[in-house]
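The block underneath contains the structure these notes are about, expressed in structure tokens.
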Amino acid sequence: MLDSTVLVSAFLTPRGVSAILLRHAHEGAFSLFLSHEILDETANVLLDDQRRLRRRYRYPDASVHLFIDGLRDLVPVVIDLPSVTVVARDPKGKTLANAC
């Protein structure tokens, strides 16, 4: 499973590492699954006119819709996602570097 940042990167840089990952998945190198939430978040990020990337990269909304629709056709969409507990911060305030 890839998150929306990887998908956004694949859209913006078609020859970049993220796009290469998608191509490998398409070629069967590994199984990739996505969720409606990840696809929706990806579309929202790419279509948000208030984001700096919309000013930096020029692309039509139709290209975003084609990209998302292509992912829906290419990759199985997982519907029944498990609940995940997120730890936003280490309660003791340690970073990974000083936790050891």
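The values are calculated or read from the model by the stated rules, or taken from the named source; none is laboratory data. Bear in mind that the values here come from a model prediction, so they are computed numbers and not experimental data. Please note: Cβ atoms are built from the backbone with ideal geometry, for glycine as well, and neighbour counts cover all protein chains shown. What goes into the accessible areas is simple: the full protein's heavy atoms, side chains included, and nothing from ligands, DNA or RNA. Shrake-Rupley method; radii C 1.70, N 1.55, O 1.52, S 1.80 Å.
Data table
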{"read-out": "Which numbered condition residue 30 fails, given (1) among the hydrophobic types (A, V, I, L, M, F, W, C); (2) open to solvent by 60 Å² or more (accessible area, probe 1.4 Å); (3) in a helix (DSSP H, G or I); (4) at pLDDT below 95", "value": "(3)"}
{"read-out": "Check on residue 38, of a type in the set (A, V, I, L, M, F, W, C), open to solvent by less than 70 Å² (accessible area, probe 1.4 Å), under 14 Å from the mean Cα position of the chain (by Cα) and over 14 Å from residue 68 (Cβ atoms)", "value": "no"}
{"read-out": "Condition check for residue 9: open to solvent by less than 80 Å² (accessible area, probe 1.4 Å), under 9 Å from the mean Cα position of the chain (by Cα) and of a type in the set (Gly, Ala, Ser)", "value": "yes"}
{"read-out": "The one condition in (1) open to solvent by 60 Å² or more (accessible area, probe 1.4 Å); (2) closer than 16 Å to residue 72 by Cβ; (3) assigned to a helix (DSSP H, G or I) that residue 20 fails to fulfil", "value": "(2)"}
{"read-out": "Matching residues, the stretch 41-62, being open to solvent by 100 Å² or more (accessible area, probe 1.4 Å), in a helix (DSSP H, G or I) and either farther than 12 Å from residue 5 by Cα or small (Gly, Ala, Ser) (or both)", "value": "52, 55, 56"}
{"read-out": "Those residues of the stretch 6-30 which are in contact (Cβ under 8 Å) with a residue 12 or more places away in the chain, among the small types (Gly, Ala, Ser) and over 15 Å from residue 70 (Cα atoms), in sequence order", "value": "18"}
{"read-out": "Output for the stretch 63-72, where each listed residue is more than 16 Å from residue 1 (Cα to Cα) and open to solvent by 70 Å² or more (accessible area, probe 1.4 Å)", "value": "65, 66, 69"}
